[in-house]
Structure formats: structure tokens, C-alpha cells
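The values are calculated or read from the model by the stated rules, or taken from the named source; none is laboratory data. Keep in mind the model is a prediction, meaning the values are calculated, not measured. Note: ideal-geometry Cβ built from the backbone for every residue, glycine included; neighbour counts use all protein chains shown. These accessible areas exclude ligands, DNA and RNA; they are computed on the full protein's heavy atoms, side chains included. Shrake-Rupley method; radii C 1.70, N 1.55, O 1.52, S 1.80 Å.
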Amino acid sequence: VASIAFNGGNIFYDSLLTLVSSEKRMTFVSSLGYALGYLGGGILFALNIWMTLRPATFGFSCSADAVRFSFLSVGIWWSLFTIPVILFVKEPQGEKKKRAGAIVRAGLSGLKSTFKEIRCLRTVFLFLLAYWFYIDGVDTIVRMAVDYGLSIGLNRNDLIVALLVTQFVGFPAAIAFGVLGTKAGARKGIFFAIGVYLFVSIWAAFMRGKVEFYILAVVIGLVQGGIQALSRSFYATIIPRDKAAEYFGFYNMIGKFAAILGPVLIGGLGLLARNIGYSAETATRIGISSISLLFITGALIFYFVDAEKGKQELQSLIEKRKFPVS
């Protein structure tokens, strides 16, 4: 239930980008949003870890009580920082209230209409395809970093510190990417981030100790927020503003389907390597290097994504609103 609510809320949150920012400032605003997200998440995460490791300091009898309170603190945190959106972000007046059945029917009809539009907008389609590949690589690294660290002999405390490092490095780095994207363009910034991730996925296969893992965490923190922020702002410039929520529904759906190919590649190649005689550790390293294929594929597809052409296609769609016959 929490996952459905959180991911559903992100669709509307992302779509507000087109409302609160001009196209010129969209890249920086998107990056600032991610930067503050990393800062806020890092602060609360650090506090919760501190409470869990030192429960007596906060008046808890044991770590279990501290963990329970951590869940409550997250709920309070979310509620508190939702208030500015409710009070200060004004949306255009929508249609009159409808019954639940009418809302569902309208939603399904809108989904069908948006899917037809995406088929007409070649640039949007290509970007979503490229995004699926490279964000799959990003999410795979995020989700499997802890397991990979454990498999090569690191302890859980080291991994927790690495996660905190990534959070706090992500704050200034995301802002820096916003400046880079504004000056050089979001497209170049995305290519740069993909290049760094490609390097990370290969380097990880040869990593040996705790210090290297921390360095890897810093490098990931430098680009993680940037690639997310620039992808969001780039996408926002090539979709219809009046249907931003519907289009970001597809965008977030692609993002949530990510981290599918990565684990399959890692597990498949790792199993193949074990079967032909490699040790468990070597097989794991071979598997982790396969993530590079996702970044290479994503970069190759993204190479054919032209934002100016996308804007022309969008303008043509706005003027004509013609759809292919089903």
C-alpha cells in the first residue's frame, strides 16, 4: 500500500515541474528538487540510524523500539514537508467533481489517448526506451550495492556508512548538475552521467576493499541525483504541458519497471560463470560488470533522441491533435 501511494504521488509531483517552472529554469528546478530530497532523506536516515545504534540516548529501551519510532518519524516527516505543496503550489482549476466510476472511465480513456500520442511522438518514445535501459542500470546498482558489498566481505556497518555518504554527496552534486544542465544542456549532462555509471559498473567488478567501496559510493553520489533530475527535466520539455500527469505516469511506470534486466544479467552471467568453473566471488564480479551493457544500450538509443525535433513533433501534435486509427 505504501509503495502504491508513494509511486502514485511521485507521478503528480513530477508533473508539477511543468507548472512551477519555465522551460528555461526547468533543469535547475528539477535538480534542486532532487538535491533537497537527498539532503532531507540523508538527515532523517542518519537520525534513524543513530537512534537504532544508540537507543538509550533517545530514551528507548532497545533498538527494536527505536526502529518502530523510525517508521513514525518518517510519517511525520512526510506530513510536515507536504504542507508547502498544499499551501503554496497552485494548480489550474480542474473540472467539476465526478463520481468514482466516471473518474475511472475517464482515466482509462486518457491512458489510451496518451498511449496513442506517444506512438506519434517518436522522440518521446525513443527517450522512454533509452531511459528504461540506463535507469535500469542505475536502479540495479542502487538495489544490489548492499548484497554485492556483503558478497565481497564488507560488513553491514560499512555499507550503511556508504549509503549515507551517497545521500549527502548527492545533495551538492545534484545542484551542480542543475548548473551544468542549464549551461551545457540536459542532453550532455545525461551523457556525462551515463559515462560515469559505465565506468562505475566496470570498476565495481575489480573492487577489493572497504576504501574502494567508499570511493565508489562518492562517485555514485556525484551522478545519481544528476541523471535523475536531468532525465526528468529533459522529458518535461518534449511532452504536452496540459497532459503532464498522464505522460509522467508512463515515465514513472518505465522507472518502476527498471531494475529488471540488471538483476537478470547479473544472476544469469554469474550462474554461467559458476557452471564453467569460476569461483563464487569471480562469478559475482563477472555478473556485476554486465550492468555496463545497460548503460551502453541506453546511451546508443539516447544518441538518436533530439530535443529540438521532439519539440517540433510536439508542436505539430498540439496543432493537429491527429491520432492513428486503431
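Highest average first, the peptides 185-191, 160-166 ordered by how many other beta carbon atoms sit within 10 Å of their residues are 185-191, 160-166.
Quick one: which of 240-246, 220-226 comes out on top by average Cβ neighbours within 10 Å, and what's the full order, highest first?
Working: 240-246: 16.6, 220-226: 25.7.
Order by mean packing, descending: 220-226, 240-246.
What does the helix-only formula give at 222 nm for the chain: each DSSP H stretch with n ≥ 4 adding -39500 (n - 2.57), the total divided by the residues, and the result rounded to the nearest 500 deg cm²/dmol?
Values: 14 runs with 260 residues, N = 326.
Computed mean residue ellipticity for the chain: -27000 deg cm²/dmol.
P(r) tail for segment 185-326, what percent of Cα pairs lie past 26 Å? List each step's numbers first, then the result.
Numbers: 3994 of 10011 pairs.
Of the Cα pairs, 40 percent sit more than 26 Å apart.
Find the eigenvalues of the gyration tensor of the Cα atoms of the chain, then list the square roots of 5 times those eigenvalues as equivalent ellipsoid semi-axes, largest first, in whole angstrom.
Working: eigenvalues 244, 147, 71 Å².
Values for the chain, descending: 35, 27, 19 Å.
Taken per residue, the accessible surface of the chain reaches 55 Å², heavy atoms only and a 1.4 Å probe. Using only Cα atoms and rounding to the nearest 10 degrees, what angle (0 to 90) does helix 122-151 make with the longest principal axis of the chain? On a 0 to 90 degree scale, this one is about 20.
For Ile43 and Ile215 in the same chain, what is the full-extension length gain: residue separation times 0.36 nm, less their Cα-Cα distance, in nm?
Values: separation 172, 0.36 × 172 = 61.92 nm, distance 2.07 nm.
Gain in length upon complete extension: 59.9 nm.
The Rg/Rh ratio of segment 1-56, with both radii computed over alpha carbons and Rh defined as the Kirkwood radius, is 1.16. Against the chain, whose longest principal axis is taken from its Cα atoms, helix 244-256 shows a tilt of about 30°. Helix 280-289 sits at what angle to the longest principal axis of the chain, using alpha carbons and giving 0 to 90 degrees rounded to 10? The answer is roughly 30 degrees.
To the nearest 10, the accessible area of Cys62 is 50 Å² with a 1.4 Å probe.
Between their Cα atoms, which of Lys90/Lys256; Lys116/Lys311; Lys183/Lys311 are more than 26 Å away from each other?
Correct reply: Lys90/Lys256.
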